[in-house]
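Bear in mind these aren't lab numbers, they're just calculated from the coordinates by the rules spelled out. The model shown is predicted, which means the values in this text are computed figures rather than measured ones. Ideal geometry is used to build each Cβ from the backbone, glycine not excepted, and the neighbour counts take in all protein chains shown.
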Amino acid sequence: MEELEHTCPQPHTTLTEPAIFAKETSCGCRAPHERLTIEQARRGTPVDRPVRVYADGIFDLFHSGHARALMQAKNLFPNSYLIVGVCSDELTHKYKGFTVMTEEERYEALRHCRYVDEVVRDAPWTLSPEFLEQHKIDFVAHDDIPYSSAGTEDVYKHIKEAGMFVPTQRTEGISTSDLITRIVRDYDVYARRNLQRGYTAKELNVSYINEKKYRLQNQVDRMKEKVRTVEEKSKHFVYRVEEKSADLIQKWEEKSREFIGNFLELFGPDGTWKQMFQERSGRMIQALSPRGSPSNSPPRELSPLRSPSPPSLWGHAHHHSHAHSHARASSPPSPKAASASISSMSEGDEDEK
């Protein structure tokens, strides 16, 4: 019997194109597909074909929690081929509820995830043995929390019992329900924003009264934004004025210090101006002074109020004093000379009588 080689599609090695759809390129390998055990898959055997891992879901509002779960599924084994099943709108609305994104949008979101090798459109809600055999699935990856739906406590119960289930971890803090809750909580904000962007009230399913209320609120917000813009511009202008003022003050202080220094250098106690003034004053005094000034002061003249001494009375004494003037300069007469003068004066008087 001829032994057939595996021609299963290989995992993506480049990320230049989106993942393929399963319907277009179903695994047409003619070699018999023998399911692997977890031990074999973890060892990377068989080497001639990859381990085919399947993960399914709704993937509405595709987010990082979805991508992390697919990353874990892709990296469960050394050589994995990840097939992702996406349920249609009909099944989702029937068993779970209304979706934000349509099925085509959800298909395309999965095709552009880097960890996905193949996308199965209109995936079944419950995995049947026929479906597993058709896509030659070795393992099913999903979080380990029991998923109750379609009248069963856990839709993956039979997969776990068959040893084909491999658990992944959920990412806390992010889920489709969380995102929808945020939208519902902030509904007025998003409705006002979309009205402002041009959507009609009918498209947003907004009543006439709410439409007018939202538009009024948008006008108020625009006015507030204008006020904030004016305030920011005013702050910027004031900041520039303060900056320019600081520069001017600094330059003024520098010029003032320079002016004061120059002034002190010119007019200070030991400044240039004082030295020049002293030099000029000395030259002017020297120029105005006479060349030969007398060494002695001239004799004082006799005051006209004083009457000259009578010659008769002082003539004799005057002659005597004049005789002694060359010996003594302006010395007062002695008592003896005075008495002799008086006696001679008395004798003269007696002769006249």
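Some values worked out for this structure:
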quantity	calculated
Rg/Rh ratio calculated on Cα atoms of the range 1-118 (Kirkwood radius)	1.01
Rg(Cα)/(2.2 N^0.38 Å) for the range 7-66, N = residue count	1.38
Magnitude of the charge dipole, the range 1-130, Cβ model with Lys/Arg +1 and Asp/Glu -1, debye to 20	500
For the range 88-205: rounded, prolate or oblate by the Cα gyration tensor [a/c cutoff 1.5]	prolate
Potential extension, residue 193-residue 216 segment - 0.36 nm per residue separation minus Cα distance	7.1 nm
Computed lengthening from residue 235 to residue 203, 0.36 nm per intervening residue step minus Cα-Cα distance	7.4 nm
Estimated distance in nm for a label pair at residue 255 and residue 161, the labels positioned 7 Å out from Cα along Cα-to-Cβ	9.8
Quarter of Cα convex hull surface for the range 155-227, i.e. mean projection, nm²	8.5
Added length on full extension, which subtracts the Cα-Cα distance from 0.36 nm per residue, residue 125 to residue 277	43.3 nm
